[in-house]
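The block underneath contains the structure these notes are about, expressed in structure tokens.
Readers should treat all values here as calculations from the given coordinates under stated rules, not as data from a laboratory. Worth saying up front: this structure is predicted, and the values here are computed from it rather than measured. Here the Cβ positions follow ideal geometry from the backbone for every residue, glycine too, while neighbour counts run over all protein chains shown.
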Amino acid sequence: MSLLLVGILLWTLVHFIPVFASKFRGKITEKIGLGPYKGLLALSLIGAIALMVIGWRAYPEIYYYPQAEGMREVSFILVFVGIILFVASGVKTNLKRYLRHPQLTGVMIWAFAHLLSNGEARAVILFSGFFIWALVMKMGINKRDGVWEKPQAVSVMLDIKVLIAAVPLYALLTYLHQYFTGIALV
């Protein structure tokens, strides 16, 4: 469990630096430069993911609560919605007119979906950690950036392209799930 927690903590701290410690970030980039800073950031995030995966796989199957009837199907739908929001965050879409933080909202929906369908201790720790991280990030970014100015409407074709892109990504992640969690979904 300790590797899983260390991975979640490292992920959180690295992401919190630009939001909650911008002066500290500025001092680091002055000393080592923006490129090396981004490199360290990327390596830290890769390390965090590796720690979470290793910690997850090493953690024994202990259940806090059983899976409720029908929650697996609900979770599949919610994860797909989370992936749509995640993809939408990187391009201009009309979703951004309604959601200030589609990527973080997508992470929260993804995490919540996993909590609905999986009562294992390791799942509760991991997905509660991601849910709380995304929620705190949203609050921090809102405070840092101030009032939200909604973007202008864009062509609905851009929204359709996001949906089209989300389908194969969802299929790929569903297929690969067994390789990084040990749990086959299909």
Need the full-extension length gain, residue 40 to residue 132, defined as separation in residues times 0.36 nm minus the C-alpha distance. One decimal, nm.
30.7 nm
Let me check the size of the chain from its C-alpha atoms; what are the radius of gyration and Dmax in Å?
17.9, 55
Once amide H atoms are built 1.01 Å from N in the peptide plane, which residues 5 or more positions from residue 119, or in another chain, come under 5 Å H to H?
65, 67
Per the helix-only model, the chain has a calculated mean residue ellipticity at 222 nm (DSSP H runs of ≥4, -39500 (n - 2.57) each, divided over all residues, rounded to the nearest 500) of -26000 deg cm²/dmol
With an 8 Å cut-off on Cα pairs and a minimum separation of 6 or more residues, tell me the relative contact order of the stretch 61-186 in percent.
30
Within the under-13-Å Cβ sphere about residue 130, not counting residue 130, Lys/Arg +1 and Asp/Glu -1 give a net charge of +2
Around residue 56, with a cut-off of 10 angstrom between Cβ atoms, what is the net charge of the other residues, counting Lys and Arg +1 and Asp and Glu -1?
+1
A correct Karplus calculation of ³J(HN,Hα) over the stretch 104-113, with 6.51 cos²θ - 1.76 cosθ + 1.60, θ = phi - 60°, whole Hz and x for Gly and Pro, returns 5, 5, x, 5, 5, 5, 4, 5, 4, 4
Just add up the charged neighbours of residue 37: K/R +1, D/E -1, any other residue whose Cβ is under 15 Å from the Cβ of residue 37.
+4
Low-density loop positions, GluC sites (Glu not before Pro), the stretch 1-96 - DSSP coil, at most 14 other Cβ in 10 Å:
61, 69
Under 27 Å Cα-Cα from residue 96, which lysines qualify once same-chain neighbours fewer than 8 residues away are excluded?
38, 138, 143, 150, 161
